[in-house]
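Novice: Following this message is one structure expressed as structure tokens.
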Amino acid sequence: MNCPLCDTSSVPYYQNRFRAYLRCTGCDAIFMDKEFWPSPECEKKRYLEHNNDIYDPGYQNFLRPIVELILQKQKTSDLGLDYGAGPGPVVEYLLRQNGYAISLYDPFFHPYPERLQKKYDYIVLTEVVEHFHHPKEEFENLKALLNENGRLYILTHPYNDSINFEKWYYKNDQTHTFFYPKESFEWIKERFGFQSLTMNKRIFILER
């Protein structure tokens, strides 16, 4: 199986009794063998098991750092899209409290394809990119949705070789199918022609 992001060959990386993973020899990403990808029904069921209460302080605090960055970098008049917002769109809730207008899109919970026909000044993806089965196509589409100088704000847990993959909690979610070391985000920046990439712990900003 070639890498779903850069289409380079891969090598076996890890296998347990539940799933198998491969590692890309090009962009260094780790991804689940497609034989083990969850069905759409399983995906939706799993997402509904998450804590989706937008009023939960813990949930709000988890997402507040990326919201604060948006408040710093974007104007209230900018058009935003919460892509993969899920059933509890906390980012939208927190931004609207600060006078920002942001639309929701999610293939399961906010299936409004007409919103993917517009252009946006910023797109937020919180705990979304690790669910991509076809990340190359997803990032192509996301860049096309951005206005000039628009930004992607991405929250995920990047991988690095100091992590013990066997014990890593992030892989245990069956809907997490693609993991990005910093090299993968650098490949995305170069491949899709983003102007800049900012990396800060779990937050990645790509500017068109």
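The values are calculated or read from the model by the stated rules, or taken from the named source; none is laboratory data. On a predicted model such as this, the values are computed, not experimentally measured, just so you know. Note that each Cβ is placed from the backbone with ideal geometry, even for glycine, and that neighbours are counted across all protein chains shown. Only protein heavy atoms, including side chains, enter the accessible area calculation; ligands, DNA and RNA are left aside. Shrake-Rupley method; radii C 1.70, N 1.55, O 1.52, S 1.80 Å.
Novice: Looking at the range 50-70, can you tell me whether even one residue there is part of a loop (DSSP other than H, G, I, E, B) and β-branched (Val, Ile, Thr)?
Specialist: Yes.
Novice: Can you name every residue in the range 153-170 that is in contact with a Lys or Arg (Cβ under 8 Å, 6 or more places away or on another chain) and either surrounded by 16 or more Cβ atoms within 10 Å (Cβ to Cβ) or touching a residue at least 40 places away in the same chain (Cβ under 8 Å) (or both)?
Specialist: Answer for the range 153-170, where residues must be in contact with a Lys or Arg (Cβ under 8 Å, 6 or more places away or on another chain) and either surrounded by 16 or more Cβ atoms within 10 Å (Cβ to Cβ) or touching a residue at least 40 places away in the same chain (Cβ under 8 Å) (or both): Leu155, Thr156, His157, Pro158, Phe165.
Novice: When both residues are 6+ apart or on different chains and their Cβ atoms are under 9 Å apart, which pairs have a first residue that lies in the range 109-136 and is open to solvent by less than 60 Å² (accessible area, probe 1.4 Å) and aromatic (Phe, Trp, Tyr), and a second that is assigned to a helix (DSSP H, G or I) and modelled with pLDDT of 95 or more?
Specialist: Short answer, once both residue conditions are applied: Tyr122/Ile70; Tyr122/Lys73; Phe132/Glu138; Phe132/Phe139.
Novice: Can we say Trp187 is surrounded by 16 or more Cβ atoms within 10 Å (Cβ to Cβ) and not aliphatic (A, V, I, L, M)?
Specialist: Values: surrounded by 16 or more Cβ atoms within 10 Å (Cβ to Cβ): yes; not aliphatic (A, V, I, L, M): yes.
The answer is yes for Trp187.
Novice: Now a separate question. In the range 76-113, what residues are in contact with a His (Cβ under 9 Å, 6 or more places away or on another chain) and in a strand (DSSP E or B)?
Specialist: Asp82, Ser103, Leu104
Novice: Output the residues belonging to the range 33-45 that are assigned to a helix (DSSP H, G or I) and either touching a helix residue (DSSP H, G or I) at 6+ places or on another chain (Cβ under 9 Å) or open to solvent by less than 70 Å² (accessible area, probe 1.4 Å) (or both).
Specialist: Answer for the range 33-45, where residues must be assigned to a helix (DSSP H, G or I) and either touching a helix residue (DSSP H, G or I) at 6+ places or on another chain (Cβ under 9 Å) or open to solvent by less than 70 Å² (accessible area, probe 1.4 Å) (or both): Phe36, Cys42, Glu43.
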